[in-house]
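The values are calculated or read from the model by the stated rules, or taken from the named source; none is laboratory data. Keep in mind the model is a prediction, meaning the values are calculated, not measured. Quick reminder, even Gly has a Cβ in these numbers, built from the backbone with ideal geometry, and neighbours come from all protein chains shown.
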Amino acid sequence: MLFHTKTKRTVYRIFLIGVFLSAFGFVGVSQQKPTVDLLRGRKGVLRYSEWAGVVSIHTNGVALGWRKSKIEKFYLNTFQQYEMANIRHPRELSRTIDPSGSGRGVYTFGKQNTLYVLRGGKGKVKYVSDKSRSGNVGIGWMYEGGITAGILKPYYLEVYSGKDGTFERSEIKYSEETADLFLNPAKIVKHASFLKGITETKLIPGIHGQAALHFTFRGQSTFVLDMELGAKGDLFLRNIPMMVLEHNTPYFVSLFVSVQIGKRK
């Protein structure tokens with residue numbers, strides 16, 4: 001009996017020591033950074049950050065950008081985004097003239113300035129469906145806002161400026177003095193070089209915002225492949241004089257579709 005009692009006490013002590021060491025080990029593991037296998041199972045693999053190039057086509061232009069995201073929770077990403085885009089006036093396409101076969105080039109009638117924008121902002125992506133590691137589509141919504149720097153460049157035309165029937169050419173931008181030539185289709189040859197007027201650019205500050213449906217196609221892969229469908233808007237401190245004969249505003253609103261391709265780690 002004494003032997004059995006001592007044996008039981010020994011086993012009991014070993015059991016308590018084992019429980020203590022296991023608890024200590026669990027606490028130590030819980031204080032470490034989660035491993036990539038921590039959330040295997042229903043939630044897949046835990047990732048910490050993403051970066052991606054962004055290509056966006058919107059109803060008044062195109063944009064190229066870069067997005068850096070932090071995965072705060074399984075269903076929440078916060079990100080910073082920077083992009084460069086061009087913005088066209090809503091009536092610009094209908095005023096673009098292509099006089100094919102006439103020896104003249106394409107130009108936009110009545111266009112006074114070209115607008116480019118640099119955007120920088122912060123946003124969030126919140127998922128409403130599980131990001132599956134099996135390749136199914138994860139769905140969420142995105143919103144972002146920040147500052148905009150508008151870059152306004154004069155639009156130059158090459159025109160026939162000679163008198164007495166001569167065909168002398170010159171490059172002009174719109175002003176009260178050049179209006180007769182600038183707004184006369186019979187005198188316009190084509191638009192001038194892109195570099196013409198680049199030293200005359202003006203900076204116009206503003207703000208922007210966007211919201212969209214967000215789709216991720218490889219939610220737990222190291223490869224980022226996302227798409228967004230939404231709307232965005234820019235608001236500037238003053239009217240943007242883009243067209244001579246059309247109404248100009250300080251704001252622009254558009255619909256867009258964008259694709260993000262990058263890496264997740």
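Just checking, does the range 79-101 include any residue being surrounded by 20 or more Cβ atoms within 10 Å (Cβ to Cβ) and polar (S, T, N, Q)? Looking for residues that are surrounded by 20 or more Cβ atoms within 10 Å (Cβ to Cβ) and polar (S, T, N, Q), one finds at least one in the range 79-101, hence yes. Pick from LEU245, LEU229: which is exposed (fewer than 14 other Cβ atoms within 10 Å of the Cβ), of a type outside the set (Lys, Arg) and more than 20 Å from TYR75 (Cα to Cα)? Only one candidate qualifies: LEU245.
Residue pairs whose Cβ atoms lie under 8 Å apart, sitting 6 or more positions apart in sequence or on different chains, and linking a residue in the range 59-76 that is at positive phi to a partner that is outside any strand (DSSP E or B), are GLY61/ARG88. Of GLU200, GLU246, all but one fail to be in the same structural domain as GLY65 (by TED's automatic domain parsing) and without any contact (Cβ under 8 Å) to a residue 60 or more places away in the chain; the exception is GLU200. Of the residues making up the range 158-171, those that are in a loop (DSSP other than H, G, I, E, B) and either in contact with a Phe, Trp or Tyr (Cβ under 9 Å, 6 or more places away or on another chain) or on the phi < 0 side of the Ramachandran plot (or both) are SER161, GLY162, LYS163, THR166, PHE167, GLU168.
The residues of the range 249-262 that are surrounded by 14 or more Cβ atoms within 10 Å (Cβ to Cβ) and either in contact with a His (Cβ under 7 Å, 6 or more places away or on another chain) or of a type outside the set (Ser, Thr, Tyr) (or both), listed by number, are PRO250, PHE252, VAL253, SER254, PHE256, VAL257, VAL259, GLN260, GLY262.
Can you find, within the range 175-190, the residue that is surrounded by the most Cβ atoms within 10 Å (Cβ to Cβ) among those that are touching a residue at least 24 places away in the same chain (Cβ under 8 Å) and in contact with a helix residue (DSSP H, G or I) (Cβ under 9 Å, 6 or more places away or on another chain)? Top of the filtered list is ILE188. Considering (1) under 24 Å from THR222 (Cβ atoms); (2) in contact (Cβ under 8 Å) with a residue 12 or more places away in the chain; (3) touching a Gly at 6+ places or on another chain (Cβ under 8 Å); (4) of a type outside the set (D, E, K, R), the lone condition that VAL137 does not fulfil carries the number (3). Exactly one residue out of LEU152, LEU181 is of a type in the set (A, V, I, L, M), touching a strand residue (DSSP E or B) at 6+ places or on another chain (Cβ under 9 Å) and under 27 Å from VAL54 (Cβ atoms): that is LEU152. Considering the range 152-171 alone, what residues qualify as being at pLDDT below 95 and among the aromatic types (Phe, Trp, Tyr)? Scanning the range 152-171 gives TYR160, PHE167.
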